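Q: I'd like to ask you about the structure that follows.
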Amino acid sequence: MRKPTKKSLTKRLDTAWSELIRSRGACQKCGKKTNLQAAHIWTRARRSTRWLPLNGLCLCAGCHQFWAHKEPILFTQFANNILGDIKFKLLQQQAETIKKWTLNEMQDLLKELENPESSMSAPLYGLTPNIPGKKKR
Ligand SMILES: [Zn+2]
């Protein structure tokens, strides 16, 4: 198999992250179950939080495009309510940290994102690679 590149892993991580967020099954704003999208709380330009499940909200296309993107202050308050103050602050700290992903870290992260059982139970998953006890058995 060809060695993956950072570019190809970024694409696969984006897809795996989006699928994981959308697997929540309903818009976290209005409850709609169709046309679901994964919305980033902190912009995907911030690579430290780009693929954290904690940084994603499952929104229907309408709430994503016509509410989240139009009302950034309300969206931020909404995200804070959903996460709670502690996780919201942790996410902010992580978002404000510069993170350079290594190829190995990206591959580990991809494996975890593609294994929802472990990812969903570890909301800060990805903050530190190789969390003990989070390995798939
Ligand atoms: Zn909605």
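The numbers here are math on the coordinates, done by the rules we state, and not lab data. Please read all numbers here as calculations on a predicted model, not as lab measurements. Cβ coordinates were reconstructed from backbone atoms using ideal geometry, including for glycine residues, and neighbour counts include every protein chain displayed.
Q: Grab the Cα-Cα distance for F66 and T43, subtract it from 0.36 nm times how many residues apart they are, and report the gain in nm with one decimal.
A: 6.6 nm
Q: Rounded, prolate or oblate: which one fits the range 18-117, using the alpha carbon gyration tensor with axes a ≥ b ≥ c (rounded when a/c is under 1.5, else prolate when a/b beats b/c, else oblate)?
A: oblate
Q: Please state the shape class of the range 4-61: rounded when a/c is under 1.5, otherwise prolate if a/b exceeds b/c and oblate if not, all from the C-alpha gyration tensor.
A: Cα axes put the range 4-61 in the prolate bin.
Q: Set the Förster distance to 41 Å, then compute FRET efficiency between N81 and T5 from the Cβ-Cβ distance, nearest 0.05.
A: After rounding to 0.05, the efficiency reads 0.60.
Q: What's the magnitude of the charge dipole for the range 18-117 around its Cα centre, counting Lys and Arg as +1 and Asp and Glu as -1 at the beta-carbon? Answer in Debye, nearest 20.
A: That gives the range 18-117 a dipole magnitude of about 280 debye.
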